[in-house]
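Notes to accompany the following structure.
The values are calculated or read from the model by the stated rules, or taken from the named source; none is laboratory data. Quick caveat, the model's predicted, so the values are computed rather than measured. Cβ placement follows ideal geometry from the backbone for every residue including glycine, while neighbour counts extend to all protein chains displayed.
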Amino acid sequence: MLNRLHEILLGQRTDVRARSLFLWLALIGFGIHLGLWAGFSLGLYDLPDGMEPLFRSPLISLYTPFSILLVYEVYELIQVLHQSFSRSMIKQFEVTALIVVRDAIKATADADVQVANGSIDQDLLFLLMVKGLVFLGLLAVCWGFQREAQRQTRVAEDQTGIETYIQFKKFIALVLFTSFVFMALKSLIEWTCSVANGGSPELTASIFFSDFFSLLILADISILLLSYRFTNEFHSLARNTGFVLSTIILRLALESSGFTAPILFMTSGLIGYGVLLVTGWSMANLPAQRSQRE
């Protein structure tokens, strides 16, 4: 029953369909946003009060497809949760990288408007540069994580191979998926009501993602506690604990603004990758250490 439900909601076939759906939604959303900007720029219609920030530059139209693709990346994060902590962390950093790109697009649009007006804020340019560097850093972390995780799979016993452990993680993934759907709909409704009442139409990382990562931390901690039942190797427990710490820092970054957010994003990536490297070295040398003792 559990495996069947997991396959229906988070299986490979569903993932293929979801990917196709979200790609089409991203393309359609981009086209609509760009078309609305063009019509507004040509003076074909007036926008409701408070909606001007969404159409201040053609570059801001990229905000829509990236926001849609972010939702799909969160779905993939839930999908790989039952496989391994390492793959889950890779997806977390991929989601974070897209959030940083989306914020950089917003900063680029602001800079574009300022250039058109004949002046530009130097702090904005510096912030844009920092976000770009953090994006490159997170891509490097994702690549390093992928490479190191594959190497460790060959030299260490995979604790996720224990059937009970896998079933528990599938259950957690299903709970997380249900919460993800509810939280996404709730955030969309609240955002729509806020815009209708004159609130800011711009999406921030604290909308939806902050709450989701709070729930993800609880899921990671639950998996971490259960892992104590299946292994007493310190390096495995230290690795999973370090990954939870990295996720907590990501959660703090989502609530931060200015230069604090990219710094915390990069700090989280470095801690996660550093933990993987150190524990990987420990596991690779463990057989040699045991043979010396024997």
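For region 18-28, indicate whether the set of residues that are under 16 Å from LEU77 (Cα atoms), at pLDDT 90 or above and exposed (fewer than 15 other Cβ atoms within 10 Å of the Cβ) is non-empty.
yes
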**Prompt:** Can you find even one residue in region 142-156 that is modelled with pLDDT of 90 or more, crowded, with 18+ Cβ neighbours inside 10 Å and part of a helix (DSSP H, G or I)?
**Reply:** yes
**Request:** Have a look at GLU233, GLU190 and point out the one that is acidic (Asp, Glu), more than 18 Å from the chain's Cα centre (by Cα) and either closer than 23 Å to SER86 by Cα or at pLDDT below 70 (or both).
**Result:** GLU233
**Request:** Might you let me know whether region 83-93 holds any residue that is farther than 19 Å from PHE212 by Cβ and crowded, with 20+ Cβ neighbours inside 10 Å?
**Result:** yes
**Prompt:** Can you find even one residue in region 196-208 that is assigned to a helix (DSSP H, G or I) and at pLDDT 90 or above?
**Reply:** no
**Item:** Number of the exception - THR160 against (1) surrounded by 15 or more Cβ atoms within 10 Å (Cβ to Cβ); (2) farther than 27 Å from ILE68 by Cβ; (3) modelled with pLDDT of 85 or more
**Value:** (3)
**Prompt:** Residue check: is SER268 at pLDDT 90 or above, buried (at least 18 other Cβ atoms within 10 Å of the Cβ) and not aliphatic (A, V, I, L, M)?
**Reply:** yes
**Message:** If MET129 satisfies all but one of (1) closer than 18 Å to THR260 by Cβ; (2) crowded, with 18+ Cβ neighbours inside 10 Å, what's the number of the condition it fails?
**Reply:** (2)
